[in-house]
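Participant: Let me give you the structure first, and then I'll get to my questions.
The values are calculated or read from the model by the stated rules, or taken from the named source; none is laboratory data. What you see is a predicted model, and the numbers here were worked out from it, not measured in a lab. Backbone-built Cβ (ideal geometry, glycine too); neighbour counts: all protein chains shown. Side chains included, ligands, DNA and RNA excluded: accessible areas come from the protein's heavy atoms. Shrake-Rupley method; radii C 1.70, N 1.55, O 1.52, S 1.80 Å.
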Amino acid sequence: MEKSPAHKKIDEKFPDAVLDAHAQHGDETLIIRKDAILDVAQLLKEDPELQFNFLMDLTAVDYIGRQPRFEIVYIFVSIPNSTRLRVKLQSDDLYPTVKSLTPLWETANFLERECYDLYGIRFDGHPNLTRIMLYEGFEGHPLRKDYPKKKRQPLIGPGAKSSHKH
Amino acid sequence: METKTKTPPEEQFFFTTDEPEFKTKEMLLNMGPSHPAMHGIVKIAVKLQGELVMDADIEIGYLHRAMEKTCEDCTWNQATIYTDRLNYVSPIINNVGYVMAVEKLLGIEIPPRGQYLRTILSELSRIADHMTCIGAAAMEMGAMTVFLYAMKGREFLYELFEDYCGARVTTNATRVGGMPADLPDGWIDKMHRALKEERKIIKEIDGLLTCNRIFYDRIKGVGVMKADDAISYGFTGPCLRAAGVEYDVRKNFPYLVYDQADWSIVVGTEGDNFDRYLVRMEEMEQSARICEQLVKKIPDGPHSVSDKHIMLPDKENTYGNIEGLMNHFKLIMHGHGIRVPSGEAYQAVEGGNGELGFYVVSHPIEGEEEDGCASRPWRVRVRPPCLHLVAGIPHMIKGDMVADVIPSFGSINMIGGELDR
Amino acid sequence: MEFLKNPSQPGPPEDGQIITTRFDKVLGWARKYSQFVYPFVTACCGMEYMSVASSHYDLDRFGTAFPRFSPRQSDVIWVVGTISHKLAPLLKRIYDQMTEPKWVIAIGACASCGGPYDNYATVQGIGTIIPVDIYVAGCPPRPEAIIEGVVKLQKMILESKQMWKVGAP
């Protein structure tokens with residue numbers, strides 16, 4: 001398969017960063033080394049040809065029972081070129097740590113907080129990595145596959161721990 | 001008119017005296033979670049110096065209802081009902097986005113008639129969305145009449161949705177592989193009548209607000225989000241276009257049959273509340289144009305794929321013969337259903353508030369599904385436009401007056417269901 | 001006092017005539033037409049709340065359209081939409097701040113029983129947190145269903161024992 005322009009550019013600058021690439025269903029996807037994300041994102045953003053100036057989405061997927069277990073997915077969009085690029089990181093740590101993209105995009109702030117809240121992925125360099133959807137005192141990260149769907153941790157009402165303060 | 005530059009707060013004080021009794025202390029004010037102008041539930045903590053907003057922090061998550069987790073327990077078609085409840089002002093757009101992502105995974109394309117129906121219904125939803133946003137935002141500034149007019153306008157659209165799918169708000173108007181039904185008789189005439197009414201109401205709202213001195217002065221130059229900041233904050237939709245960036249998923253990444261109609265992207269210049277209002281007003285007109293053009297071109301033929309592994313059989317077959325009954329059974333029973341090959345797909349549609357993306361992953365459950373296909377989603381990620389817009393609120397309101405928080409917040413049209421999922 | 005119980009009966013007596021009734025009834029009759037609503041609107045049902053509150057369905061006909069956004073000034077709290085566990089303490093607090101007599105309407109499946117959301121984040125019906133008087137079914141309920149809920153509450157107010165003594169519970 002021929003390499004895409006983004007793939008070529010990254011290969012030129014960071015030769016060992018891209019681990020794999022595919023274009024399943026027409027979505028161009030690169031799997032890159034986990035510690036290279038900040039550099040690669042900066043390259044994608046600042047390269048005058050690629051111009052991936054928009055961080056569209058950031059999320060994670062928990063493939064429990066598979067090696068590696070976690071995938072962190074970034075979707076970049078280039079508004080001038082009308083192209084979309086999906087970049088994935090893989091990690092088998094129980095609590096993966098990746099570099100934060102907050103220096104490059106403001107929107108990474110909320111997206112990373114959400115990813116931390118629901119998946120327990122740590123973002124190194126994030127200014128305020130706290131829970132966003134759930135509340136202080138919630139134990140566990142609910143979107144992980146090993147968190148039971150109906151495991152409730154109410155603050156008040158039936159089943160509430162009496163130690164909570166309101 | 002010049003837009004307001006954000007001067008340091010000390011220079012913005014209206015009194016010049018240095019008398020110590022005129023100095024105010026910084027005050028922290030919580031707006032929300034339950035506040036008349038917080039659509040749904042969100043908390044803005046503002047730090048005030050007099051009436052000036054020095055700093056703001058926003059807390060979300062009060063409507064987190066685990067939509068993404070719940071979808072993992074549903075079959076592919078069952079998950080559609082949860083997408084209704086994302087942006088509940090324009091639910092059909094959400095339905096369309098989700099089923100298109102699943103269809104991308106399946107590698108199928110629905111027949112043209114189905115695509116036309118989806119496009120028309122999406123655009124009608126967009127009118128309802130913008131109308132609700134403008135009405136609610138105007139009401140919060142005191143223009144109750146506009147709200148009542150907008151609600152009247154929305155009723156005409158709700159009647160159309162109800163005629164098509166039986167529900168006013170939570171429509172569930174798509175299926176993986178097509179549409180649940182064809183248009184009912186007389187629907188197109190009714191749509192024309194409804195659009196005529198919409199135009200009348202848009203004109204009335206326009207007359208009440210656009211050149212209204214009070215309204216103009218209240219929102220012009222307030223809540224400014226410049227293009228660079230808007231891109232950095234991930235703004236999409238009307239809020240990004242109001243800042244002058246020409247980005248619309250319908251044009252940049254065309255889907256369905258938007259290329260069959262003649263319409264244009266609406267772009268503002270300043271990125272303030274007034275531009276956001278104008279963009280929304282003009283987008284309603286553009287959506288109405290799209291509907292009117294496409295409705296003339298709807299081709300004949302089926303509205304759904306004929307693949308028996310994907311679409312339910314017709315009712316007469318289900319009740320009338322054993323093949324239809326078995327087909328129905330195989331698609332509905334636990335552990336059967338639509339089999340989607342493993343993989344991942346991202347499909348974005350232009351929602352009411354911006355790019356609404358669905359990142360859907362199909363991954364077979366180990367030990368249960370050996371054919372490499374899955375009968376339920378492994379992961380449904382929604383890229384919510386609202387989350388990014390709400391994240392930008394502190395930037396928009398910093399340096400403004402406390403009373404400007406309400407129009408700024410109203411202009412981004414926060415929808416709780418989509419924000420917190 | 002037949003006309004209070006049954007509006008179809010002939011109207012009030014003419015000058016000089018006397019009617020006798022129980023004070024509770026008169027108070028209930030007055031109260032049922034002047035409900036100040038606290039709309040605790042969180043989610044999708046809010047769309048139907050907006051419809052029902054505006055001119056098309058016109059809730060003003062039932063004397064209950066005036067929203068008060070201060071719990072201290074309201075008689076009825078309408079819980080419209082899903083209540084998550086993060087939000088539950090706030091709902092309880094708002095309910096506690098309302099002055100007696102107070103009523104609660106749970107509008108929609110989520111507020112009534114959790115609706116389609118049976119998971120870690122949502123409260124399975126606000127009945128587990130605060131006492132509810134009227135449940136309105138539907139996801140979301142149609143405006144007609146909400147109006148029926150309001151009328152049911154009016155009937156309930158009319159027929160209940162009224163609190164009116166100062167300081168009495």
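Participant: Which lysines have a Cα lying under 17 Å from the Cα of C:Lys161, excluding residues fewer than 8 positions away in the same chain?
Facilitator: C:Lys5, C:Lys25, C:Lys32, C:Lys102, C:Lys152
Participant: For chain A, what is the mean residue ellipticity at 222 nm derived from helices alone (per DSSP H run of n ≥ 4: -39500 (n - 2.57); sum divided by total residues; nearest 500 deg cm²/dmol)?
Facilitator: Numbers: 3 runs with 31 residues, N = 166.
Theoretical 222 nm ellipticity from helices: -5500 deg cm²/dmol.
Participant: Under 16 Å from the Cα of B:Lys196, which aspartates and glutamates turn up, not counting those fewer than eight places away in the same chain?
Facilitator: B:Glu123, B:Glu155, B:Glu159, B:Glu204, B:Asp206, B:Glu282, B:Glu283, B:Glu285, B:Glu292
Participant: If I model a spin label as a point 7 Å beyond the Cα along the Cα-Cβ vector, how far apart are those points for C:Arg68 and C:Asp15 in nm?
Facilitator: Label-label distance for C:Arg68 and C:Asp15, simple model: 3.7 nm.
Participant: Per residue of chain B, what 222 nm ellipticity follows from adding -39500 (n - 2.57) for every DSSP H run with n ≥ 4, rounded to the nearest 500?
Facilitator: Working: 18 runs with 193 residues, N = 421.
My calculation for chain B gives -14000 deg cm²/dmol from helical runs alone.
Participant: Taking B:Lys308 as the anchor, which aspartates and glutamates have their alpha carbon closer than 17 Å to its alpha carbon, excluding any fewer than eight residues away along the same chain?
Facilitator: B:Glu103, B:Glu109, B:Glu316, B:Glu323
Participant: Could I ask something else about it? How many angstrom lie between the Cα centre of the range B:303-377 and the Cα centre of the range A:38-58?
Facilitator: Rounded to whole Å, the Cα centres lie 35 Å apart.
Participant: Another question, if that's okay. Is the shape of the range B:143-234 rounded, prolate or oblate, going by the alpha carbon gyration tensor and its root eigenvalues a ≥ b ≥ c, with a/c under 1.5 for rounded and a/b larger than b/c for prolate? Don't jump to the answer; show the numbers that get you there.
Facilitator: Working: a/c = 3.18, a/b = 1.54, b/c = 2.07.
It comes out oblate by the Cα gyration axes.
Participant: In square angstrom and rounded to 100, what buried accessible area do you get between chains C and A, total over both, with the probe at 1.4 Å?
Facilitator: Values: alone 9910 and 9700 Å², together 18400 Å².
Using a 1.4 Å probe on protein heavy atoms, the buried area is about 1200 Å².
Participant: In addition: Using +1 on the beta carbon of Lys and Arg, -1 on that of Asp and Glu, and nothing else charged, what's the dipole of the protein assembly as shown about the Cα centre, debye to 20?
Facilitator: On the way: 86 positive and 102 negative charges, 403 e Å.
That gives a dipole near 1940 debye.
Participant: To continue, here is another question. Within the set B:Lys43/C:Lys92; B:Lys43/B:Lys398; B:Lys152/B:Lys200; B:Lys25/B:Lys226; B:Lys43/C:Lys86, which residue pairs have Cα atoms separated by over 22 Å? Present the calculation step by step, with values, prior to reporting the outcome.
Facilitator: Values: B:Lys43/C:Lys92 17 Å; B:Lys43/B:Lys398 16 Å; B:Lys152/B:Lys200 11 Å; B:Lys25/B:Lys226 31 Å; B:Lys43/C:Lys86 12 Å.
From the list (B:Lys43/C:Lys92; B:Lys43/B:Lys398; B:Lys152/B:Lys200; B:Lys25/B:Lys226; B:Lys43/C:Lys86), the Cα-Cα distance tops 22 Å for B:Lys25/B:Lys226.
Participant: Same structure, new question: Using the reciprocal of the averaged 1/r over all distinct C-alpha pairs, how large is the Kirkwood radius of the range B:247-395 in Å? All intermediate terms of the calculation are to be shown ahead of the outcome.
Facilitator: Numbers: mean 1/r = 0.0516 Å⁻¹.
Here the Kirkwood hydrodynamic radius works out to 19.4 Å.
Participant: Roughly how crowded by other chains is peptide A:57-64, in terms of the mean Cβ count from those chains within 10 Å of each of its Cβ atoms?
Facilitator: Numbers: counts 12, 3, 8, 2, 7, 5, 5, 4.
That average works out to 6.
Participant: Next up: In debye, nearest 20: dipole of the range A:5-124 around its Cα centre with unit charges on the Cβ of K, R (+) and D, E (-)? Don't skip to the end; give the middle numbers.
Facilitator: On the way: 14 positive and 21 negative charges, 20 e Å.
Its charge dipole is roughly 100 debye.
Participant: Need one word for the range B:54-137: rounded, prolate or oblate. Basis is the Cα gyration tensor (sqrt eigenvalues a ≥ b ≥ c); a/c below 1.5 gives rounded, then a/b vs b/c decides.
Facilitator: oblate
Participant: Under a crude label model (7 Å from the Cα following the beta-carbon direction), how far is B:Arg289 from B:Asp228 in nanometres?
Facilitator: Inter-label distance under the simple model: 3.3 nm.
Participant: Related question: What's the average, rounded to a whole number, of partner chain beta-carbon atoms within 10 Å of each residue's beta-carbon in B:247-257?
Facilitator: Values: counts 5, 0, 2, 0, 1, 8, 4, 1, 0, 0, 0.
Per residue, the number of nearby Cβ atoms from other chains is 2 on average.
Participant: Using a 1.4 angstrom probe on protein heavy atoms only, which residues from the range B:308-355 are buried by at least 50 Å² of accessible area when all chains are present rather than their own chain alone?
Facilitator: B:Glu344, B:Tyr346
Participant: Also: Note down the net charge around B:Leu356, summing +1 for each Lys or Arg and -1 for each Asp or Glu among other residues with Cβ under 9 Å from its Cβ. Mind dumping the intermediate values first?
Facilitator: On the way: positive: B:Arg383; negative: B:Glu350, B:Glu355, B:Glu418.
Around B:Leu356, the surrounding residues sum to -2.
Participant: Continuing with the same structure: For A:Lys99, what charge total do you get from the other residues with a beta carbon under 11 Å from its beta carbon, if Lys and Arg give +1 and Asp and Glu give -1? Kindly include the intermediate steps, with their values, before the conclusion.
Facilitator: Values: positive: A:Lys34, A:Arg122; negative: A:Asp35, A:Asp39, A:Glu112, A:Asp124.
Spelling it out: positives minus negatives among the neighbours equals -2.
Participant: Excluding same-chain pairs closer than 8 in sequence, count the lysine pairs in chain A whose Cα atoms lie under 20 Å apart.
Facilitator: Lysine pair count for chain A: 23.
Participant: Just to verify a number: FRET efficiency for A:Asp146 and B:Ala181, C-beta to C-beta distance, R0 = 51 Å, to 0.05? Could the numbers behind the result be given before it?
Facilitator: On the way: r = 41 Å, r/R0 = 0.80.
The formula returns an efficiency of 0.80 here.
Participant: Now, a different point. Quick check for you: with a 1.4 Å probe and neighbouring chains kept, what is the accessible area per residue of chain B, in Å²?
Facilitator: Values: 15510 Å² over 421 residues.
Averaged over the residues of chain B, the accessible area is 37 Å².
Participant: Taking only Cα atoms, what is the 0 to 90° angle, nearest 10, from helix B:91-106's long axis to the longest principal axis of chain B?
Facilitator: Helix B:91-106 sits roughly 50 degrees off the main axis of chain B.
Participant: If r is the Cβ-Cβ distance from B:Glu159 to B:Glu316 and R0 is 41 Å, what FRET efficiency results, to the nearest 0.05?
Facilitator: Numbers: r = 28 Å, r/R0 = 0.69.
For B:Glu159 and B:Glu316, the calculated efficiency is 0.90.
Participant: Debye sum, Cα scatterers, the protein assembly as shown, no solvent: what log₁₀ I/I(0) at q = 0.09 1/Å?
Facilitator: Values returned for q = 0.09 Å⁻¹ are -0.86.
Participant: Can you pull the mean other chain C-beta count within 10 Å for peptide A:145-152? List each step's numbers first, then the result.
Facilitator: On the way: counts 5, 0, 2, 2, 9, 7, 2, 7.
The mean count of partner-chain Cβ atoms within 10 Å per residue comes to 4.
Participant: Given a 1.4 Å probe and every protein chain left where it sits, what share in percent of the accessible area of the range A:5-124 is carbon and sulfur?
Facilitator: Working: 2080 of 4400 Å².
Within the range A:5-124, the accessible surface is 47 percent carbon and sulfur.
Participant: With axes computed from alpha carbons, what is the tilt in degrees of helix B:187-209 against the longest principal axis of chain B, rounded to the nearest 10 within 0 to 90?
Facilitator: On a 0 to 90 degree scale, this one is about 10.
Participant: Another question about this same structure. Taking chain B as the reference, fit the longest principal axis to its C-alpha atoms, fit the long axis of helix B:144-165 to the helix C-alpha atoms, and give the angle between the two in degrees, 0 to 90, nearest 10.
Facilitator: Helix B:144-165 and the main axis of chain B meet at about 10 degrees.
Participant: Which of rounded, prolate, oblate describes the range A:5-124, given a ≥ b ≥ c as roots of the alpha-carbon gyration tensor eigenvalues and a/c under 1.5 marking rounded, otherwise prolate only if a/b is larger than b/c?
Facilitator: Numbers: a/c = 1.66, a/b = 1.33, b/c = 1.25.
Taking the square roots of the gyration eigenvalues as a ≥ b ≥ c, the range A:5-124 is prolate.
Participant: In addition: When the C-alpha atoms of the range C:35-159 are aligned to their principal axes, what extent does each axis show, in angstrom, from largest down?
Facilitator: Per principal axis, max minus min of the Cα coordinates gives 40, 29, 26 Å.
Participant: Taking θ = phi - 60°, what integer Hz values does the Karplus form 6.51 cos²θ - 1.76 cosθ + 1.60 yield along the range B:271-277, in sequence order, with x for Gly and Pro?
Facilitator: 3J(HN,Hα) across the range B:271-277, in whole Hz: x, 9, 4, 5, 5, 4, 5.
Participant: Right, next: What total accessible area, in Å², is buried where chains B and A meet, using a 1.4 Å probe and rounding to the nearest 100?
Facilitator: On the way: alone 18710 and 9700 Å², together 24560 Å².
The contact between A and B buries close to 3900 Å².
Participant: What does the accessible area per residue of the range C:107-169 come to in Å², with a 1.4 Å probe and no ligands, DNA or RNA counted? Present the calculation step by step, with values, prior to reporting the outcome.
Facilitator: Details: 2820 Å² over 63 residues.
Counting only protein heavy atoms, the per-residue value for the range C:107-169 is 45 Å².
Participant: Treating the beta-carbon of each Lys and Arg as +1 and of each Asp and Glu as -1, no other charges, what is the dipole magnitude of chain C about its Cα centre, to the nearest 20 debye? Present the calculation step by step, with values, prior to reporting the outcome.
Facilitator: Working: 17 positive and 15 negative charges, 98 e Å.
So the dipole magnitude of chain C works out to roughly 480 debye.
Participant: Which residues' amide hydrogens lie under 5 Å from the amide hydrogen of A:Ala21, considering only partners 5 or more residues apart or on another chain, with H built in the peptide plane?
Facilitator: Close amide H contacts, sequence-distant or interchain: A:Ile31.
Participant: Quick check: at a probe of 1.4 Å, how many percent of the accessible area of the range C:35-159 sits on carbon and sulfur atoms?
Facilitator: Values: 2310 of 4170 Å².
Ligands and nucleic acids excluded, carbon and sulfur reach 55 percent.
Participant: Using +1 at the Cβ of each Lys and Arg and -1 at the Cβ of each Asp and Glu in chain B, identify which of B:Val146, B:Pro385, B:Gly237 lies farthest towards the dipole's positive end.
Facilitator: Positive-most Cα among the choices belongs to B:Val146.
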